[in-house]
Amino acid sequence: MENQVAAASGKLGVLVPGMGAVATTFIAGVEATKKGLAKPIGALTQMSNIRLGKRTENRYPKIKDFVPLASLEQIVFGGWDVYNENVYQAATNAKVLQQTQLDAIKAELEAITPMPAVFDREYVKNLDGQHIKAKDTKWNWALALMEDIKNFKEKNNCERLVMVWCASTEKYIETTDIHETIEAFEAAMQADDDRIAPSMIYAYAAIKMGVPFANGAPNLSCDIPALVDLAKELGVAIAGKDFKTGQTLMKTIVAPGLAARALGVNGWFSSNILGNRDGLVLDDPDNFKTKEVSKLSVLEEIFQPEDNPDLYGELYHKVRINYYPPHGDNKESWDNIDIFGWMGYPMQIKINFLCRDSILAAPIVLDLALFMDLAQRANMSGIQEWLSFYFKSPQTAEGLKPEHDIFKQLIKLQNTLRHMMGEDLITHLGLDYYQDLVESL
Ligand SMILES: NC(=O)c1ccc[n+]([C@@H]2O[C@H](COP(=O)([O-])OP(=O)(O)OC[C@H]3O[C@@H](n4cnc5c(N)ncnc54)[C@H](O)[C@@H]3O)[C@@H](O)[C@H]2O)c1
């Protein structure tokens, strides 16, 4: 496959619907890194190494030196938002980064302004921004987005584009008949059907323009059969859903460890307080429901209660998110985990994570942008399950259970990179080391 990965030449346009806390922290971090003012901590594409070959070979390059990724200098940013603030203003309002840090890259951030959004307040009730495209059919909105994409690419002289949804979580909806086939989906857009969410219109426009699309929020967006089929048909990479950051990141680190030791779990109560705009949007029960479904699926899939009723058959899992403005983007989460061991004796684990939501999410946006672009150049189209590592609710092919264990997800990601570059896959069996030893005696 190695020779099939096209070089990362020219500029890469990274388009973000939603230029709020996460997107502006991502952009500011990249600009600060380019100026040598910060380090891109948390981004595998910038900081991590990958083992190649046998342990005795001592080959452990940086991922960015192993696979042909676009460099930070090649990235150009663009996007859409319902508020007409440039990235410097939006980052200032988001209050994630210190003002002195933002001021050091003010000119770069001020130069990035959002395009008017495709927005339907029915899907996000707690926002009142007016920087939106004039009322039209959903079909015409899709055409307008495609025009934006085309103009952005030309104006910025980009070789390729990727799109990462960083906009608000939309209200909960389920897949219906109009989401099943592309014909039904397009007809529904023309008929301005309520069941077409704005995030689906962005995803449709991206796929039609051959732009890989990753969804950082839990709303359906490209996770419907019509758009999965379209992506496959047009040879475009898609991935989702919902960035795996604070509490769920911890869950997918701790839960596989408990399951590995065959320890029982009968209760997991997760509570959060956060006070950013994301928290405000999630304060609406319809929007919270979308997030709740995404957060709840994780433990079931890791513990598999149906296969392990003695250990996990009684598992009670509850997730709460409370909007609490004084904490801003500094989300605090508490987890109370009721576990039991030998002969059923109970124990408890308490986790109190004082995290920073956007600080954890920003490197994920960067990795997804670069890896989605890589996948596209490697001719990998449709759902990119190897990027499950980054998502709370990994999108998978129909009928396929997602893998939530972060360690298995990492092995999958690394093996995919090895596969792309024609390197041996690593199974961690390791018997050959001992075989060689025996033969040499
Ligand atoms: N920060 C995290 O740790 C994390 C983790 C997982 C998922 N997410 C998701 O990422 C998204 C962004 O989070 P955030 O903290 O930056 O939120 P935010 O509210 O600061 O930013 C979202 C932005 O999207 C804009 N927007 C809403 N609908 C839009 C549309 N149709 N078109 C264009 N713009 C639109 C809003 O005006 C806002 O500026 C949310 O959906 C959130 O749930 C965040």
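Each value in this text was obtained by applying a stated rule to the coordinates, not by laboratory testing. Values in this document were obtained by computation on a predicted structure and should not be read as measured data. Glycine gets a Cβ as well: all are built from the backbone with ideal geometry, and neighbour counts include every protein chain shown.
Calculated on C-alpha atoms, the gyration radius of region 247-354 divided by its Kirkwood radius gives an Rg/Rh of 1.02. With 0.36 nm allotted per residue and the present C-alpha distance subtracted, the ASP284-LEU263 stretch has 3.9 nm of extension available. A Förster distance of 60 Å, applied to the separation of the beta-carbon atoms of TYR434 and GLU180, puts the FRET efficiency at 0.70.
Taking the charge dipole of region 247-354 about its Cα centre, with +1 at Lys and Arg Cβ atoms and -1 at Asp and Glu Cβ atoms, the residue from VAL298, PRO325, ALA260 reaching farthest to the positive side is PRO325.
The calculated FRET efficiency for the pair THR396 and ALA6, based on their C-beta separation and a Förster distance of 41 Å, comes to about 0.95.
Using the Cβ-Cβ distance between GLN98 and GLU154 with R0 set to 35 Å, the FRET efficiency from 1/(1 + (r/R0)^6) comes to roughly 0.45.
Ordering GLY129, VAL87, ALA6 by the projection of their Cα atoms onto the charge dipole of the chain, which places +1 on the Cβ of Lys and Arg and -1 on the Cβ of Asp and Glu, puts VAL87 at the extreme positive end.
Within the listed set PHE303, PHE26, PHE243, the Gaussian network model of the chain (springs between alpha-carbon atoms below 10 Å) gives the highest mean-square fluctuation for PHE303.
Taking the centroid of alpha carbons for each part, region 306-368 and region 105-140 are 33 Å apart. Taking the Cα centre of the chain as reference, the dipole from Cβ charges on Lys and Arg (+1) and Asp and Glu (-1) amounts to some 1320 debye. Between region 178-193 and region 29-77, what is the C-alpha centre distance in whole Å? Cα centres, region 178-193 to region 29-77: 41 Å. Each peptide in 400-410, 281-291, 165-175 gets a packing score, the mean of other Cβ atoms within 10 Å over its residues, and the list from highest to lowest is 165-175, 281-291, 400-410.
In a DSSP loop and with at most 12 other Cβ atoms within 10 Å, the GluC sites (Glu not before Pro) in region 291-341 are GLU306. Mean separation of Cα pairs under 8 Å and 6 or more residues apart, divided by the residue count, gives the chain a relative contact order of 20 percent.
Inverting the pair-averaged 1/r between distinct Cα atoms of region 231-284 gives 14.8 Å as its Kirkwood hydrodynamic radius.
Placing a label point 7 Å from the Cα of ILE253 along the Cα-to-Cβ direction, the residues of region 16-44 with a backbone N closer than 17 Å are 41-44.
Full extension of the chain segment joining ALA191 with LEU425 gains 79.4 nm, where the gain is 0.36 nm per residue of separation less the Cα-Cα distance.
Magnitude of the charge dipole for region 286-441, about its Cα centre and with charges confined to Cβ atoms of Lys, Arg (+1) and Asp, Glu (-1), is about 700 debye.
Diffusion of the chain by Stokes-Einstein, at 10 °C in a medium of 1.306 mPa s and with Rh set to the Kirkwood radius over alpha-carbon pairs, works out to 70 µm²/s.
Report, for region 247-354, the % of DSSP beta bridges that are antiparallel, rounded to 5. Around 70 percent of the beta bridges assigned by DSSP in region 247-354 are antiparallel ones.
Largest GNM mean-square fluctuation among ILE359, ILE339, ILE75, using the chain with Cα springs under 10 Å: ILE339.
Bridges between two residues of the chain, per DSSP, are antiparallel at a rate of about 40%. Over 31 Å apart at the Cα level, from the set LYS39/LYS125; LYS11/LYS291; LYS106/LYS412; LYS138/LYS291, are LYS39/LYS125; LYS11/LYS291; LYS106/LYS412.
Considering region 32-99 at the alpha-carbon level, its Rg and Dmax are found to be 17.3, 56 Å. Cross-linked pairs LYS95/LYS153; LYS155/LYS244; LYS241/LYS331: Cα-Cα separations exceed 24 Å for LYS95/LYS153; LYS155/LYS244. Here is how the number arises for the chain: DSSP H runs of 4 or more residues each give -39500 (n - 2.57), the sum is divided by the residue count, and the result at 222 nm is -12000 deg cm²/dmol.
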